[in-house]
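Note sheet for the following structure.
The values are calculated or read from the model by the stated rules, or taken from the named source; none is laboratory data. The shown structure was predicted, so the numbers you read here are calculated from the model rather than taken from an experiment. Using ideal geometry, Cβ is built from the backbone for each residue, glycine included, and neighbour counts are taken over all protein chains shown. Areas reflect the complete protein model, heavy atoms only, side chains present, ligands, DNA and RNA absent. Shrake-Rupley method; radii C 1.70, N 1.55, O 1.52, S 1.80 Å.
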Amino acid sequence: MKIYLNGDLVDKEMAMVSVFDHGLLYGDGVFEGIRLYDGCVFKLDEHLERLEYSAKAILLELPMSRQQFADAVCETCRENKLSNGYVRLVVTRGVGHLGLTPDGCGPPSVIIIADEIQLYPEELYEKGLKIISVPTRRINASALPPAVKSLNYLNNILAKIEAKKVGFQEALMLNDKGEIAECTGDNVFVLSKGVLYTPPLDAGSLRGITRGAVMDIAVELGIPCREQALTRYDLWTAEECFLTGTAAEVIPCVEVDHRKVGSGEPGQTTRDFIAKFRKNVREDGMKL
Ligand code: PXG
């Protein structure tokens, strides 16, 4: 496997960064997770735009243009003869000294890994996922905007550990006000009385690319979709619920905090979204 590292494609075994890289020392950097379907990179431009916003928010000057990033992503996929998979694009603050200040750091390290992806088993798309809300709250926007896809994922990792410790695969994260923010690596949607709802970005959710794709599908399917603050009660009493993310795609959620969602089986609307999403990803990606 070849890894893109600072302009070169190097063997996996040789793809190494310094122990003084601030991405490692402090989680100081940004990243994107991108999917490749049948030789097409899904929503590449949207991912690169989000990368630019994340970098801008942490005052990290990206060393490459959007076109250069796009070319590098495609080149890495082609070099690895990948037509379906997952691309991890990472930009760190670069090599510096011990100490928090980014002064003297750089240039930023650019890493692109294109690999196969470990998906949730298909069975979960048929039967649905059970999730549980956890004590760890989504980080407050005044501490670190949750919209920044930074390398610092401890907040989400702690939530994931809490869910796993009590036997669940995914955690529902709330914000400081007790509203639904998102899951650890996925956005949340519910269907109630024919209307689709998802938490607004200021509730602590990432502007998920899959979230955006699902909102577009809602328009196509003629289902009204609203961004609205949601509580756990809204999930407990919803007719349907599903999660969205680059890795998980659209996955039904059939139980929240031990309460069955609707009948406890994936609903028809959720199935419609899954089918449409799976169709779209193979039709509107950027050809390698
Ligand atoms: N919320 C958070 C906090 C995320 O990190 C999403 C929502 C979904 O966004 P997209 O753009 O993918 O639709 C993400 C993105 C994993 C993993 O291993 C997932 C993400 C990031 C890192 C790892 O599942 N998801």
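For the stretch 31-47, the set of residues classified as open to solvent by 20 Å² or more (accessible area, probe 1.4 Å) and either touching a Gly at 6+ places or on another chain (Cβ under 7 Å) or in a helix (DSSP H, G or I) (or both) consists of D45, E46, listed by residue number. Against the definition (of a type outside the set (V, I, T) and either at positive phi or assigned to a loop (DSSP other than H, G, I, E, B) (or both)), how does F189 come out, yes or no? For F189, the condition - of a type outside the set (V, I, T) and either at positive phi or assigned to a loop (DSSP other than H, G, I, E, B) (or both) - is not met. Inside the stretch 145-188, can you point out the residues that are touching a strand residue (DSSP E or B) at 6+ places or on another chain (Cβ under 8 Å), acidic (D, E) and within 27 Å of M215 (Cβ to Cβ)? Once the filter is applied, which keeps residues that are touching a strand residue (DSSP E or B) at 6+ places or on another chain (Cβ under 8 Å), acidic (D, E) and within 27 Å of M215 (Cβ to Cβ), the stretch 145-188 yields E170, E182, D186. From the list I113, I117, I131, I139, the one residue that fits, being more than 30 Å from V256 (Cα to Cα), within 15 Å of the ligand (Cβ to nearest atom) and either at pLDDT 95 or above or within 19 Å of the chain's Cα centre (by Cα) (or both), is I113.
Determine whether E122 is more than 12 Å from the ligand (Cβ to nearest atom) and at pLDDT below 95. For E122, the condition - more than 12 Å from the ligand (Cβ to nearest atom) and at pLDDT below 95 - is met. Go through the stretch 192-233 and give me each residue that's assigned to a strand (DSSP E or B) and either among the small types (G, A, S) or within 14 Å of the ligand (Cβ to nearest atom) (or both). Result: S192, T198. Screening I161 with (1) open to solvent by 30 Å² or more (accessible area, probe 1.4 Å); (2) at pLDDT below 95; (3) not basic (K, R) gives one miss only, at (2). When restricted to residues that are within 16 Å of the ligand (Cβ to nearest atom) and on the phi > 0 side of the Ramachandran plot, the stretch 246-267 contains 1. Residue count for the stretch 98-128 under the criterion of being closer than 30 Å to V41 by Cα, out of contact with any Leu (no Cβ under 7 Å at 6 or more places or on another chain) and of a type outside the set (K, R): the result is 18.
Exactly one residue out of R211, R207 is closer than 25 Å to E239 by Cα, open to solvent by less than 50 Å² (accessible area, probe 1.4 Å) and basic (K, R), and it is R211.
Taking the stretch 217-245 as the range and being over 17 Å from E170 (Cα atoms) and touching a residue at least 60 places away in the same chain (Cβ under 8 Å) as the test, only I217 passes. Just wondering, is there one or more residues in the stretch 8-30 that are open to solvent by less than 10 Å² (accessible area, probe 1.4 Å), within 16 Å of the ligand (Cβ to nearest atom) and not basic (K, R)? Within the stretch 8-30 (the criterion being open to solvent by less than 10 Å² (accessible area, probe 1.4 Å), within 16 Å of the ligand (Cβ to nearest atom) and not basic (K, R)), the answer is yes, since at least one residue qualifies.
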